[in-house]
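Colleague: I am attaching a structure below and will ask some questions about it afterwards.
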Amino acid sequence: MRRLDWMQRRTFRIYNEPIEIRERRHGYIPQAFLWHGRCYHIHAVERCWTVLGRRQDVGRLCFLVRCAEGVFEVYQNLTTNTWHLSKAQWCDHRPLA
């Protein structure tokens, strides 16, 4: 099964909740994050992109990441320097959150 096949068959659940970045690679790429008291270790970054703010300044730095528990979209709000879990696509063995 191709990697994208798995992602296309499942839908994302929206969260938009704050997270804490525990580890970074190269100073800015998330490597692990804490959410609801649980640490999620990132195995791969599938995609990285920026979202512009209203005045064409950079508003968010977004990452689509793969962990053992599923695929997560996390972002850094560059104005407030805070991190958030935008949405998640859980594996079949997802934890109760």
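Throughout, read-outs are computed from the coordinates displayed, never taken from laboratory work. Note that this is a predicted model, so its numbers are computed, not measured. Don't worry about glycine lacking a Cβ; one is built from the backbone with ideal geometry, like all the others, and counts go over all protein chains shown.
Colleague: Alpha carbon centre of the range 71-93 versus the range 22-44: separation in Å?
Modeller: Taking the Cα centre of each part, the range 71-93 and the range 22-44 sit 10 Å apart.
Colleague: Starting with the highest mean, order 49-55, 79-85, 11-17 by the number of other Cβ atoms within 10 Å, averaged over the residues of each peptide.
Modeller: For the peptides 49-55, 79-85, 11-17, the packing ranking is 79-85, 11-17, 49-55.
Colleague: Suppose we take every Cα in the range 12-60 and form the convex hull; what volume per residue is that in Å³? Don't jump to the answer; show the numbers that get you there.
Modeller: Values: hull volume 6.0 nm³, N = 49.
Taking the convex hull of the Cα positions in the range 12-60, it is 122 Å³ per residue.
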